[in-house]
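Here's the structure, in structure tokens; my notes come after.
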Amino acid sequence: MSLTHDPRDAAFHGRRTDGSPVRRPLSPHLQVYRLGITGNLSILNRIAGCAWTGGILLLVWWLVAAAAGPSAFATVQWFLGSFLGLLILFGMTAAAWYHTLGGIRHLVWDAGYGFDLPTVYTSGYAVLIGTGVLTVLTWIVALIVW
């Protein structure tokens, strides 16, 4: 019996049902997978959903501060008007548009359409381009009205 130098190595040694020793294979991690556009967009959709959840918490902070009084509301408004606040709001806008457009794409798939490979790529790129265009347009309109 040999001693292992790496404690993790012990987890990969085992025995078959007949008692003969066997070395179990290591499970690959993310770096070995080559995800296509659908896999990457799916992961990005989940990230956008989490970012949107964080944005909802920011909205709750803003509403609570508005109910708490002018001093608390001024603090939140100062933060949202700062460079970091505007950057967060811009990111929230992009996450909201991406999550919305990705959701529409999934609704089309749920209806049974758009599964052929060229359409999958086209709709994926349309979601990315649409997110960029709609985010910028939203901010142009917001800055004009503001």
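What follows draws every value from the coordinates through simple rules; no lab data is involved. Predicted, not measured: the structure shown is a model, and the values here were computed from it.
Ranked from largest, the principal axis spans of the Cα set of region 68-111 equal 50, 23, 6 Å.
Rounded to the nearest whole Hz, the Karplus-based 3J(HN,Hα) values (6.51 cos²θ - 1.76 cosθ + 1.60, θ = phi - 60°) of region 134-143 follow the sequence 5, 5, 5, 4, 4, 6, 4, 5, 4, 6, with x at glycine and proline. Over region 36-145, Cα pairs under 8 Å with separation of 6+ residues give a relative contact order of 33 percent.
Couplings for region 68-75, taken from phi via the Karplus curve 6.51 cos²θ - 1.76 cosθ + 1.60 with θ = phi - 60°, read 6, x, x, 5, 5, 5, 5, 5 Hz in order; Gly and Pro are left as x. For the pair region 104-131 and region 63-93, the centres of their Cα atoms are 35 angstrom apart.
Using the Karplus relation 6.51 cos²θ - 1.76 cosθ + 1.60 with θ = phi - 60°, the per-residue 3J(HN,Hα) values for region 76-86 come to 5, 5, 4, 5, 5, x, 6, 4, 5, x, 5 Hz, with x marking Gly and Pro.
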